[in-house]
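Q: Below you will find the structure I want to go over with you.
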């Protein structure tokens with residue numbers, strides 16, 4: 001696992017790079033990966049911003065390099 005700061009942000013190797021979300025098949029810049037507790041479970045959420053349009057979130061395991 002990658003290092004996580006005190007606010008739950010992960011130092012992901014693809015941070016600020018162009019990624020592809022396999023769930024939506026969309027691409028954008030990975031702006032943040034955070035660790036959040038939901039229902040007593042720790043989950044990793046990736047936030048992605050496309051070149052144009054509205055950003056979205058997905059499970060961090062759903063992302064990979066786009067190019």
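Q: If I filter the range 29-67 down to residues being loosely packed, with under 10 Cβ neighbours inside 10 Å and not in a strand (DSSP E or B), which single residue comes out as modelled with the lowest pLDDT?
A: 67
Q: Between a residue in the range 2-15 that is in contact (Cβ under 8 Å) with a residue 12 or more places away in the chain and at positive phi and any residue that is surrounded by 15 or more Cβ atoms within 10 Å (Cβ to Cβ) and not in a loop (DSSP other than H, G, I, E, B), which pairs come within a Cβ distance under 6 Å, given they are 6 or more apart or on different chains?
A: Listed by first residue and then by second, the contacts come to 8/34; 8/35.
Q: Right, next: What number of residues in the range 37-67 are within 14 Å of residue 15 (Cβ to Cβ) and touching a helix residue (DSSP H, G or I) at 6+ places or on another chain (Cβ under 9 Å)?
A: 3
Q: Then there's this: Taking the range 3-12 only, how many residues are surrounded by 13 or more Cβ atoms within 10 Å (Cβ to Cβ) and assigned to a loop (DSSP other than H, G, I, E, B)?
A: So the count comes out to 2.
Q: Among the residues of the range 13-28, is any in contact with a helix residue (DSSP H, G or I) (Cβ under 7 Å, 6 or more places away or on another chain) and in a loop (DSSP other than H, G, I, E, B)?
A: Yes, because at least one residue in the range 13-28 is in contact with a helix residue (DSSP H, G or I) (Cβ under 7 Å, 6 or more places away or on another chain) and in a loop (DSSP other than H, G, I, E, B).
Q: What are the residue pairs meeting all of these: first residue in the range 32-59, first residue farther than 13 Å from residue 21 by Cβ, second residue at pLDDT 95 or above and not in a strand (DSSP E or B), Cβ atoms under 7 Å, and 6 or more apart or on different chains?
A: 44/60
The values are calculated or read from the model by the stated rules, or taken from the named source; none is laboratory data. On a predicted model such as this, the values are computed, not experimentally measured, just so you know. As a convention, Cβ positions derive from the backbone with ideal geometry for all residues, glycine included, and neighbour counts pool all protein chains shown.
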